[in-house]
Amino acid sequence: MAGETTSHLPGGTMSPAVRNEAYFEEPERRKPPITVVGPVAWVRANLFGSTLDTILTVLGAAFVIFVVVTLLQWSIGAANWYTVIFNLRLFMVGRVEPFMDARLATLALYLALAVGVNLAAWSVVRVRVWLVLVVGLIALFLIPTLIEASIPLPPTYLGAGQREVTTGSITVAPQSRVAFIGGAGEEITITLAEFSSEGELARLSSFTDVMTNTLRNAARNRLAAQRRLGGIQEALAGNRLTDRQRGELEAELEKSEIPPAILNSYQVSALPVSVTVRAGWNGEELASAVIGAGDELRYALPQDGWYVLEKSIPASDESIATLATRGIYPIFDRTFIRDDGKRAYQYVRATDRFLIEGGRPREENGTDTPMLGIIEHQYKGLRGPANYLRVMLAPFLQQVNGALALLTALVAAGYYSSFGLILRGERFVRTVRRAAVWLWLYLPPLSLLLIVGGGDSVVIVAGVLVAVGGLLAVWRIWERLRMAALPPLRRALAGLALLLAYIGLIVLAAWLARALLAPLTRSEGLLQASDPQLWGGFLLTMMLTVVGIVAAFPIGIAMALGRRSSLPVIRLVSTLYIELIRGVPLITLLFMSVLLVSFVVPSLGGPDSAPYKVMVAVTLFSSAYLAENVRGGLQGLPPGQEEAGKAVGLPGWRITLHITLPQALRAVIPAMVGQFISLFKDTSLVAVVGLIDITGVANVIAAQTEFQGLRREAYLFIFIVYFIFSFAMSLVSRRIETSGAGAARR
Amino acid sequence: MFTRARLSRLQQVIARVLGPGGAVLMQIFRLFRPILRPLINALADLRVRQVLGQLFFASLLILFFGWMGSTASSELSQKGLVPTFNFLDLRSGFEISESPEWYSGNSSYGRAFAVGMINTVRIVILGLVLSSILGFFIGVFLLSSNWLIRSIARSYVEALRNTPLLVQIFVWYFIVMFSLPKIQQAITIPGEGITFISLRLALWALLWLILWRYWRGSGVSVERREASQYGFAALVITSELAAYGYFEIEGWPWSWGAGFSAAFWPFALVIAALLGLVLLAHFGGGVKGWAVTRGISGRWFAPFWIGSRWRLRLLGLALGGGLAGLIFSFGLLPMAAVRLELRPAIFISIRGLVFPALLPTARFAAWFAFVGLGILLAGFIWLWLGRRTEITGQPYPRGTLALLALLTLALVGWWMVGTAAAPAHIVVEGGGETVLMPLAEAEAEGLLGTAERLRTSTRPLLIQLPTQNRFGRFLTGVEFTPEYMALLLALVVYTSSFIAEIVRAGIQAVPSGQLEAGRALGLSQAQLLARIIFPQALRVIIPPLGNQYLNLSKNSSLAISIGYADTFNITTTIMNQSGQTVTGFFMVMVFYLALSLFISAIMNAINDRFRLVTR
């Protein structure tokens, strides 16, 4: 096109006259230069706008790359994610009894349903979002399957021989017998692991026993010592050292000595190893071979159960060997309470959660045969991405995908059932919204029943339900009575009768609940009471947050109204309450509730009341902040609203209840969501007073023998969980803010 | 007797139910009517009802607290723990890792509490300052026009404010602090060793200064300025590369500097290519015209970057590079360097952070008198010139002048104080006996302790570098424990994410018309920030900032989770030992309330200063 327009022009130059003529023809169409539109322009404008910008971009990019690479390297190469995988239950619900699982699952599913209905009631979720979710879920199921099909598990390295291995201050002898678990039909293979060089031994990365790991460390230490020596020599040759440093390095050079080559001095895997597989249940020999270089023992296990691997080097006392075994993997052991109330052991294979209960083989002297336990057989060495996927990621996804799929399915079900109703007509929107609110209102009693359980919870729920319902009924009757313009005394009498009936109703309901429903809650019944001391993890965090907001609501509103009251005593008391609590850190309140409450109410001294005491502290704390939020909303109202109420002749409390408070509460919804988020984070402080909420779990894990001192993984996991929830809530809050829900009622 | 007609309906009911007895009851009621009537009338008054209601409410409260108090006191007296303040004089019996020298295990509980208060205030003050600075920068980054910086700042803010402070404290303490090296392998700043600072650096700096004057001078077009900038960069980079290659790397193929060598050719090739490009760009127009007449599309000859601008830039590059090559080939580059022996001043290790101490010597008071005079003079100049400006409308550089006055007096004072000679001899203890020896000799033999140094130094201030004993323990220098560092970092980073959002909102709240007006007046970017944006943004920023300061001061009580000895942590220890729980909590509450009140009082005062004054 451009060629055509220019080719018919006479000569190579374009005189102004020609241009003017061309102006009347079809104007020449050119693409805008790529410096003005498109990605190049975007990069120029947003990353390299000026010299300072360019420098900042380069520095920022370097920083981001550094952080991301470090994090990825650590989490793929070095992190022990079994801390999270094998403690997922602890993270989520703490140590609650096994019978709670079904109840908590019910609650979670109910919540998912409620979220779905609420999504439909208040907003529209695009099909695209659902598609992304579905694809993500399919991936969650597909990815681990693919990984397991395509990447083989790395071998487990087990040492054999009679000689001890030493590095630094550690001396270890190989185990001659080790017990492992396996399933029927699984094939195990055992070969001799051969190392061509010390570097290969040092880079070994897999499950290893203590001896092999010590051997690996010996090789690593030797290589490191060599490098250090080279470094010292290089530094001494240069001119960058002060006299003091020179003296120090020379002294170090004199002292240091390089140990002899590891592969030679231990004659690693030089001689054949005699290997026997025995049945764990009767000690019978199942397979046996002498494995030299290139030999392999293959054996298919006959049944699920325990097996014992015997390995020794009969020919020499000087040599040691390392066997590479496949199909034999480390075991987690844990205790659980059986149905008959006795303590029993479960053994779980780290790589695929294959599970055996009890039956651990014993030696002739009655002790347990050494087990291929995860404590002595950790994954050592820097993992590659493939091993990371196979050993860490696949088991994790296998564990969470089912629950995530179920929850998402229920959210979708709630959403689409309500959405379908909404599509039928405008009037159903109101129905759905009402249902959405009611679903939340049912949540507290339901949680009380399902989480706390026990006879008391049933009675309380029945009492509260009847009390609230009754209050609404009593209110309506009372309004009728007021309208009927009765003489004052008669009205008073009628009110009294109403009150009595109301109380009677509650007592009756509580009595009925105790008589009829409490049998359900006996020790093995449907709603068996759970031990509050065992609540923990994310469950406890959520409980504290929700209780902290819900219970603080009435107190907060009362205090806000009290602070604005014209009555000096009430104003003083409310102001004192709010300012005292806001001026003091939450942690002091928590400690106070734990230490001081038992002085005032001696019956609350026991440890099983700790969660309740903490709940009280959290409630007091958040009520003071909530009061300030509500007061802000009340102050923000135009005074005309209240004056209008007065002009109509409403009494003060009616103005508050029907005019000012509803508007104030609507206006402070975003602030209250912010309060909710901050309370959600602040509940982590209960870990300091000894409760095991999700933050406390990290400290518990660092004390477990399997994961001694490992904190990073747990903290990262907690970080992500907190982030997801707080960020989601802040998004909701922002949405509410922009949607103008805070404005006066339409 | 009363007739039925006079009975109200209620009385009828009562009479019907109770019979004659009811009638008698009503009669008795009537007897008391003269007394009850005024009461009932009084109750009809709203004010009376309010007073009565409040009295009722207050008595309920008093009853409740009285009940709580009595239960608690009976419970406490059963255990022999009646709350008193007498225990504050008892011996505490516990050591505190971070305490001034006047505290030891033999000190009283009261002193232990005082140490806690000092530690809290220490961390809060530093935390406030650092988090404000960090938060300010992050807040500005949040508004950066650079997408990457903006995104990094946004992720920083979101990640930090959406996760609990406690977890962050744990991460800083258990992960960051614990992964620091041992004291023997401490990270030192500056690293110990010998550094050479090349004289070329000074040369480049000088050249840069000259060029800077040229660039800033009027009449230099943007194109020429850019060309000279490119040329200067090429000069520096090429000659540094050459020097580096020649001196540092063995077997470097481009062994330059030895005159006409093999390395000349690639170098000459690059320069020639650059020059060729320049020439092509210069004469390319003619070639293009020639080609276009023959039906070849012109754009083949004009890549988008060959504008006049790029022509000049390339010329600059070629000239700068060529010049560097010449200078280097003829050996005109100074290869000498200054030899610097660096001693570490800051140690970072698993035991915390240690940095030099700045100690006032015996002569500090005399010097400080000068400084005080300087401050007075500076204040006077500031006020006086400000007044002159107001009266005459003439601008004065009052900030510079005031600073100058202060600096002059401080320097003069430093010199005057230093003129008096140090004592020639000093009494020191060496080898178990006390001897009088010359000061210089004692210094050389290392017999002077910190106290002696402070007494004999001729300078008003003494900088004391950290020194270690054989076991790695620090004898001098200021030490921050890892607990302190972890808590400080966590508080600063966490609070800064909130402050950043506040700063962002504050800056965005300044109407854009204000900026445009400032630009229209011809203010520079810095003036715009300092005089237009910040004074107005501060008004919006200060109230929520005060809230964040309060939060930080209260959050400092999380010290207990990692064992930093702040007020609350020490109080819990005191409470555990003495059993004085009630008193302990009372003291802690009073302390934190006082701290909060103090901070909010200051913030209110600042707020009043910056508030928009309206009619």
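Values in this text are rule-based calculations from the coordinates and carry no lab data. In this text, all values refer to a predicted model and were calculated from it rather than measured experimentally. Using ideal geometry, Cβ is built from the backbone for each residue, glycine included, and neighbour counts are taken over all protein chains shown.
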* A:Ile258-A:Glu310 FRET efficiency (beta carbon distance; Förster radius 41 Å; 0.05 resolution) -> 0.70
* Mind checking B:140-147 for the average number of partner chain beta-carbons within 10 Å of each residue's beta-carbon? => 4
* Report Rg/Rh for chain B, rounded to two decimals, where Rg is the Cα radius of gyration and Rh the Kirkwood radius. => 1.16
* How long are the semi-axes of the ellipsoid equivalent to region B:334-387, from square roots of 5 times the Cα gyration tensor eigenvalues, in whole Å, largest first? -> 38, 22, 15
* **Shielding by partners, peptide A:462-475 (average Cβ within 10 angstrom, other chains)** => 0
* Asked: For the pair B:Ala205 and A:Phe396, what calculated FRET efficiency results from E = 1/(1 + (r/R0)^6), where r is the Cβ-Cβ distance and R0 = 45 Å, to the nearest 0.05?
  -> 0.20
* Asked: Which shape class, rounded, prolate or oblate, goes with region B:487-615 when its Cα gyration tensor gives a ≥ b ≥ c as root eigenvalues, a/c under 1.5 marks rounded, and past that a/b bigger than b/c marks prolate?
  -> prolate
* Hey, got the dipole for the protein assembly as shown? About the Cα centre, +1 on K and R Cβ, -1 on D and E Cβ, debye to the nearest 20? -> 7560 debye
* Structure fact -> Residues A:Ile694, B:Ile62 in order from fewest to most other beta-carbon atoms within 10 Å are B:Ile62, A:Ile694
* Structure fact -> Among GluC sites (Glu not before Pro) in region A:310-362, those in a DSSP loop whose Cβ has at most 14 other Cβ atoms within 10 Å are A:Glu318
* To do: Give the angle, between 0 and 90 degrees and rounded to the nearest 10, that separates the Cα long axis of helix A:669-682 from the longest principal axis of the Cα atoms of chain A.
  => 40 degrees
* Structure fact -> Assertion target for B:Ser596, B:Ser239, A:Ser75, ordered by fewest C-beta neighbours within 10 angstrom first, is A:Ser75, B:Ser596, B:Ser239
* Structure fact -> The answer for B:His425, listing residues at least 5 apart or on another chain whose modeled amide H is closer than 5 Å to its amide H, is B:Leu439
* Extension reserve of the A:Leu580-A:Thr431 stretch, reckoned as 0.36 nm per residue once the Cα distance is removed -> 49.3 nm
* To do: Multiply the residue separation of B:Asn86 and B:Ala272 by 0.36 nm, subtract the distance between their alpha-carbon atoms, and state the gained length in nm to one decimal.
  => 57.9 nm
* Cβ neighbours within 10 Å from other chains - mean over A:52-64 -> 3
* Show which aspartates and glutamates lie in cross-link reach of A:Lys31 when reach means a straight Cα distance below 19 angstrom and same-chain residues fewer than eight apart are skipped. => A:Glu4
* Asked: Which shape class applies to chain A: rounded if a/c is under 1.5, otherwise prolate when a/b exceeds b/c and oblate if not, where a ≥ b ≥ c are the square roots of the Cα gyration tensor eigenvalues?
  -> oblate
* Asked: Quick one: net charge of A:Ala121's neighbours, Cβ under 11 Å, K/R +1, D/E -1?
  -> +3
* To do: Determine by what factor the alpha-carbon radius of gyration of region B:334-427 differs from 2.2 N^0.38 Å, reporting the quotient.
  => 1.72
* Inter-probe distance in nm under a simple model that places probes 7 Å from Cα toward Cβ, at A:Ile34 and B:Glu441 -> 8.2 nm
* Too long at a 29 Å Cα-Cα cut-off: which of A:Lys380/A:Lys681; A:Lys255/B:Lys182; A:Lys311/A:Lys380; A:Lys613/A:Lys681; A:Lys681/B:Lys79? -> A:Lys380/A:Lys681; A:Lys681/B:Lys79
* To do: Starting from region A:149-224, pick out the trypsin sites (Lys or Arg not before Pro) whose DSSP state is loop and whose Cβ has at most 16 other Cβ atoms within 10 Å.
  => A:Arg203
* In Å, descending, principal axis extents of the Cα set of the protein assembly as shown -> 143, 109, 106
* To do: Starting from the Cα gyration tensor of region A:150-225, take the square roots of the eigenvalues, sort them a ≥ b ≥ c, and report rounded, prolate or oblate (rounded when a/c is under 1.5, otherwise prolate if a/b is larger than b/c, else oblate).
  => oblate
* Calculate, for B:Phe94 and B:Phe64, the FRET efficiency according to 1/(1 + (r/R0)^6) with r their C-beta to C-beta distance and R0 41 Å; round to the nearest 0.05. => 0.65
* Asked: Mind ordering A:443-456, A:577-590 by average Cβ neighbours within 10 Å, highest first?
  -> A:577-590, A:443-456
* Structure fact -> Computed over all unlike Cα pairs, the Kirkwood hydrodynamic radius of region B:396-454 in Å stands at 14.4 Å
* Asked: In what sequence do A:Val308, B:Val428 fall when counting other Cβ within 10 Å, fewest first?
  -> B:Val428, A:Val308
* Asked: Helix A:552-563 sits at what angle to the longest principal axis of chain A, using alpha carbons and giving 0 to 90 degrees rounded to 10?
  -> 50 degrees
